[in-house]
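Presented below is the structure to which this report refers.
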Amino acid sequence: MSLFPSLPDTPHLADVYKKFPECVKPVLAYHDLLLRGDSPLTIAERELIAVFVSGLNACSFCFGSHKIYAQAFGIDETVIDAMVKDVDSSGVDDKLKPLLKYVAKLKDLPSKLTPADAKSVYDAGWSERALFDAIQVAALFNYMNRIIEGTGVTFSYAENPPSQDEMAERRTRLYSDWAKQIGLD
């Protein structure tokens with residue numbers, strides 16, 4: 001039995017959104033703006049932060065989904081898997097490491113963030129806007145991970161890998177497009 005008796009035993013996010021559609025459009029519009037809009041962070045870097053936070057939160061649905069997005073935008077799968085275990089030895093670009101450490105600390109110990117944490121991000125060459133965008137991505141995925149886990153959403157991307165056409169399609173698809181695909185206009 002699922003956490004929500006009205007949902008399938010193994011619900012997908014589409015099932016949850018169809019059952020509770022009221023906030024879907026604004027949430028997905030925020031996804032579009034934050035993950036696809038203008039930013040000093042590339043789309044790949046923002047997706048990498050999304051998958052990193054989801055991996056730290058052990059949210060397999062978001063980790064799998066955004067791993068595919070990160071790969072579609074050119075991030076190596078081995079880097080993605082390794083960075084959740086240890087950012088320093090993962091092979092991720094050195095410039096990204098302070099940002100990833102910042103969002104990891106934000107996830108676990110937000111009240112312990114210090115000016116030194118931000119300084120390490122700035123010293124790596126990032127702007128305040130880049131740090132703020134990284135914070136927003138981390139916050140969004142902490143939120144989404146709790147929606148996913150709290151509603152019992154399951155889906156194994158490892159068991160259902162996307163085709164090459166689906167990978168290419170992810171480079172152009174907006175999150176709000178997905179809502180249309182599942183019948184939420």
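Mind listing whichever residues of the range 98-138 are more than 18 Å from the chain's Cα centre (by Cα), surrounded by 12 or more Cβ atoms within 10 Å (Cβ to Cβ) and free of Cβ contacts under 8 Å to residues at least 40 places away in the same chain?
Restricting attention to the range 98-138, the residues satisfying the condition of being more than 18 Å from the chain's Cα centre (by Cα) are 109-129.
Still in the list and also surrounded by 12 or more Cβ atoms within 10 Å (Cβ to Cβ): 110, 113, 117-118, 120-122, 124, 126-127, 129.
Passing the criteria: Pro110, Leu113, Asp117, Ala118, Ser120, Val121, Tyr122, Ala124.
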Practice problem: Scan the range 12-29 and report the pairs whose first residue is closer than 12 Å to Ile182 by Cβ and whose second residue is assigned to a helix (DSSP H, G or I) and of a type outside the set (A, V, I, L, M, F, W, C), with Cβ atoms within less than 7 Å and a gap of 6+ or a chain change. | Solution: Val16/Thr151; Val24/Tyr17; Leu28/Tyr175; Leu28/Ser176
Quiz item: Mind checking which residues of the range 60-97 are in contact with a Ser or Thr (Cβ under 9 Å, 6 or more places away or on another chain), of a type in the set (S, T, N, Q) and either surrounded by 14 or more Cβ atoms within 10 Å (Cβ to Cβ) or not in a helix (DSSP H, G or I) (or both)?
Solution: Ser60, Ser65, Ser90
Practice problem: Give the residues of the range 155-181 that are surrounded by 15 or more Cβ atoms within 10 Å (Cβ to Cβ) and modelled with pLDDT of 85 or more, sorted by residue number. | Solution: Leu174, Tyr175, Ser176, Trp178, Ala179
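Filter the range 43-54 for residues that are buried (at least 19 other Cβ atoms within 10 Å of the Cβ) and either among the aromatic types (Phe, Trp, Tyr) or more than 9 Å from the chain's Cα centre (by Cα) (or both) and give the result. Steps first, answer last, please.
Quick first cut of the range 43-54, residues buried (at least 19 other Cβ atoms within 10 Å of the Cβ) only: 45-54.
Within the range 43-54, Glu45, Phe52 qualify.
Taking the conditions exactly as written (under 16 Å from Ala139 (Cβ atoms) and without any contact (Cβ under 8 Å) to a residue 24 or more places away in the chain), does Pro8 satisfy them or not?
Answer is no for this residue.
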Quiz item: So which residues in the range 24-59 are closer than 21 Å to Val153 by Cβ and not in a helix (DSSP H, G or I), if there are any at all?
Solution: Asn57, Ala58, Cys59
Quiz item: Just checking, how many residues over the range 83-127 are under 21 Å from Lys67 (Cβ atoms), of a type in the set (D, E, K, R) and in contact with a helix residue (DSSP H, G or I) (Cβ under 7 Å, 6 or more places away or on another chain)?
Solution: 2
Quiz item: Looking only at the range 139-152, which residues are more than 16 Å from Ala50 (Cβ to Cβ) and either surrounded by 13 or more Cβ atoms within 10 Å (Cβ to Cβ) or without any contact (Cβ under 8 Å) to a residue 24 or more places away in the chain (or both)?
Solution: Thr151, Gly152
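The values are calculated or read from the model by the stated rules, or taken from the named source; none is laboratory data. Values in this document were obtained by computation on a predicted structure and should not be read as measured data. Because the Cβ atoms are built from the backbone with ideal geometry, glycine has one as well, and the counts that use them run over all protein chains shown.
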